[in-house]
Amino acid sequence: MSTVLFAGCAVDGTATRRAIEYQTGHYSTSPTDTPLAVPERLAGMRLGEFIPFRGEIDQVFTERVSGTSPKSSPKNLSGFIPGAETVRANRAFRFGYTTSGTGEQNGKSVGVYAGVLRYSDAAAAAAAVSSMARRVAAEWRATLTAAGQKNRPRVAPLSGLGADNTVVSVEWIEPGTTRSLALVPHGSDVLVAVFNGMSASRTEALQKSTFTKLAEASDAGSGISVDQKQPNLDLYALAVANTSTDERYLYDGTVAGPRTQAQLADDSRVDYESLRAAGVDAVANRATVLYRAASSKQAAALRDHHSVAVSASGRSPVASPQDLPDIRCYRVADSRAVECLLAFDRYFARAIGKDLADAQQRISAQVVLLQKA
C-alpha cells in the first residue's frame, strides 16, 4: 500500500488535497532499472526495429503467434527450425528476432516465421545454414514417415535468394500445400523464412520478396551487438517491476522501440501508426507496459486508441481502482484477466492482471511510481 496526495475540491469549490491509499499489493513503488533481460534478448529487441511486419510479408497473415519475439539461444530457434538446439554450428548463434503469424487462404490455414539471426562471424553463419538445413530435412522426413506419408523433403538452392542459400521444401501432409524453410547467409547473419500451407508457386514468390526485406533489415541493424549499453533505462526504471511469482513473457524485462512493440499487435501497421502519432520513442515491458509519448495530450490520445481497440475486441468495462476516472479497466473476454489503462503526463501505461485485484494493484503501483518521478 502506498499513500500519495491527490488534488480535489471541497463542496464550496476550495482547492484541497487529500491522501489516497493506493492498494499496490506486492508490487514495488520504488523505481529500479534491475533486473533486466539477458543482453542477448535486449539486442534481439533492438534488432526487431528493422524486421518486417507480418502484413508487409503478406496481408494473409492476420494473426500474431508466439514466435514473434527476440531470440537469445539455439533453444529459442527450435519452434520453427526443428532440432536447432542440437546443431553444433549454432553454438556461434548470438541473438536474433523473428516475426510470425497465421491466416487463412482458400479455406486452409497458412503460416509464416521470418527474421534475422546473428552469429559470431560470417563463417559461422554460413556453417549454420548447411547444418540446419540437413537437420530440418531429417526432422520433417521423420514426421512425414510417422504420418504414413511417402513425400520426402528436397534440399536445394533457389534462384534469386542470394549466394549460398539453401531451401528445404516438401509437399506437406495436407494435399496441395507446401512446407518450406529457406536459409540465406548474409554477412554474419542468417536470414530465415518458413512458410506453411501455401502452394509451391506462392511459397517461392513469397520467399523471394521476403528475403529482399530481410536483407534490408540485416543491413539496417548491422551495428547492433550484445555488448552495447541498453538505452532508455530511465523509462524502464519507472515501469512496475515483476514480482517473483508473475508469469513471464519473452518481452518481459526489455525496452522496445515502437516498431518492435507494434510487432505484438495482430495489425502491426495500425498499431505502429498510433505509436508514431503519439511520438512514442520507447516502451518498457515489465509488470506494466509503459509507453513514453511526446506530450501529455499524445499520451491521452494513445490511451483512447487502446480503449477503442480493447472494447472492439469484446472486453467489457470493470471498476477502476479507487474509482479514479483516469484509469480505465476492462475484463478480457471469456477470462478472469483484466487490463487497466492509464494516461499520466507524457506516459501511457497498460497493466494486465490475472484478475481484477491484480490488475488494479499493478496500475495503482504505476500511478505511484509516476507521481514520484
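The values are calculated or read from the model by the stated rules, or taken from the named source; none is laboratory data. Since the model is a prediction, treat every value here as computed from it, not as a measurement. Cβ: placed from backbone, ideal geometry, glycine included. Neighbour counts: every protein chain shown.
Residue by residue, here is whether (1) touching a helix residue (DSSP H, G or I) at 6+ places or on another chain (Cβ under 8 Å); (2) of a type outside the set (S, T, N, Q); (3) surrounded by fewer than 17 Cβ atoms within 10 Å (Cβ to Cβ); (4) modelled with pLDDT of 95 or more holds:
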| site | (1), (2), (3), (4) |
| --- | --- |
| Pro258 | yes, yes, no, yes |
| Ser268 | yes, no, no, yes |
| Glu273 | no, yes, yes, yes |
| Val283 | yes, yes, no, yes |
| Arg286 | yes, yes, no, yes |
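What do you reckon, is Ala277 exposed (fewer than 15 other Cβ atoms within 10 Å of the Cβ) and more than 30 Å from Gln230 (Cβ to Cβ)? No: the conditions fail for Ala277.
Okay, residues lined up against (1) among the aliphatic types (A, V, I, L, M); (2) touching a residue at least 40 places away in the same chain (Cβ under 8 Å); (3) buried (at least 19 other Cβ atoms within 10 Å of the Cβ):
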| position | (1), (2), (3) |
| --- | --- |
| Arg64 | no, yes, yes |
| Lys71 | no, yes, yes |
| Lys75 | no, no, no |
| Gly79 | no, no, no |
| Ala84 | yes, yes, yes |
| Val87 | yes, yes, yes |
| Arg91 | no, no, no |
| Gly96 | no, yes, yes |
| Gln105 | no, yes, no |
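Of all residues in segment 228-255, none that is outside the structural domain of Arg346 (by TED's automatic domain parsing) and farther than 12 Å from Ala282 by Cα has its Cβ atom under 8 Å from the Cβ atom of a residue that is assigned to a loop (DSSP other than H, G, I, E, B) and at pLDDT below 95, 6 or more apart or on another chain.
Across segment 132-171, the number of residues qualifying as polar (S, T, N, Q), closer than 28 Å to Phe53 by Cα and surrounded by fewer than 20 Cβ atoms within 10 Å (Cβ to Cβ) comes to 1. Among residues of segment 225-254 being part of a helix (DSSP H, G or I) and not aromatic (Phe, Trp, Tyr), the one that is surrounded by the most Cβ atoms within 10 Å (Cβ to Cβ) is Leu238.
Whether a residue is surrounded by 16 or more Cβ atoms within 10 Å (Cβ to Cβ), modelled with pLDDT of 95 or more and in contact with a helix residue (DSSP H, G or I) (Cβ under 6 Å, 6 or more places away or on another chain) was assessed, and Ser222 does not pass this test.
Pairs are defined by a Cβ separation below 8 Å, a sequence spacing of at least 6 or placement on different chains, a first member in segment 31-60 that is closer than 16 Å to Thr212 by Cβ, and a second member that is part of a helix (DSSP H, G or I) and aromatic (Phe, Trp, Tyr); the pairs so defined are Phe53/Tyr272.
Could you please let me know if Arg303 is at pLDDT 95 or above and surrounded by fewer than 18 Cβ atoms within 10 Å (Cβ to Cβ)? So that I can check it myself, show each step before the final result.
Working: at pLDDT 95 or above: yes; surrounded by fewer than 18 Cβ atoms within 10 Å (Cβ to Cβ): no.
Spelling it out, it is not the case that Arg303 is at pLDDT 95 or above and surrounded by fewer than 18 Cβ atoms within 10 Å (Cβ to Cβ).
Residues considered: Val129, Val170. Of these, the only one that is touching a residue at least 60 places away in the same chain (Cβ under 8 Å) and within 30 Å of Phe95 (Cβ to Cβ) is Val129. Looking across segment 174-191, the residues that are more than 24 Å from the chain's Cα centre (by Cα) and in a loop (DSSP other than H, G, I, E, B) come down to Glu174, Pro175, Gly176, Thr177, Gly187. The residues on offer are Val194, Val136, and the sole one that is under 26 Å from the mean Cα position of the chain (by Cα), in a helix (DSSP H, G or I), under 16 Å from Gly83 (Cα atoms) and modelled with pLDDT of 95 or more is Val136.
State all residues of segment 107-126 that are without any contact (Cβ under 8 Å) to a residue 40 or more places away in the chain and either under 24 Å from Ala43 (Cα atoms) or not assigned by TED's automatic domain parsing to the domain that holds Ala163 (or both); if no residue qualifies, say none.
The first filter runs over segment 107-126 and keeps only residues without any contact (Cβ under 8 Å) to a residue 40 or more places away in the chain, leaving 107, 123.
Passing the criteria: only Ala123.
Considering only residues in segment 6-43 that are modelled with pLDDT under 90 and of a type in the set (Asp, Glu), the one that is farthest from the chain's Cα centre (by Cα) turns out to be Asp12.
Scan segment 115-131 for residues that are surrounded by fewer than 16 Cβ atoms within 10 Å (Cβ to Cβ), in contact with a Ser or Thr (Cβ under 6 Å, 6 or more places away or on another chain) and part of a helix (DSSP H, G or I) and jot them down. Residue satisfying the conditions is Ala122 alone.
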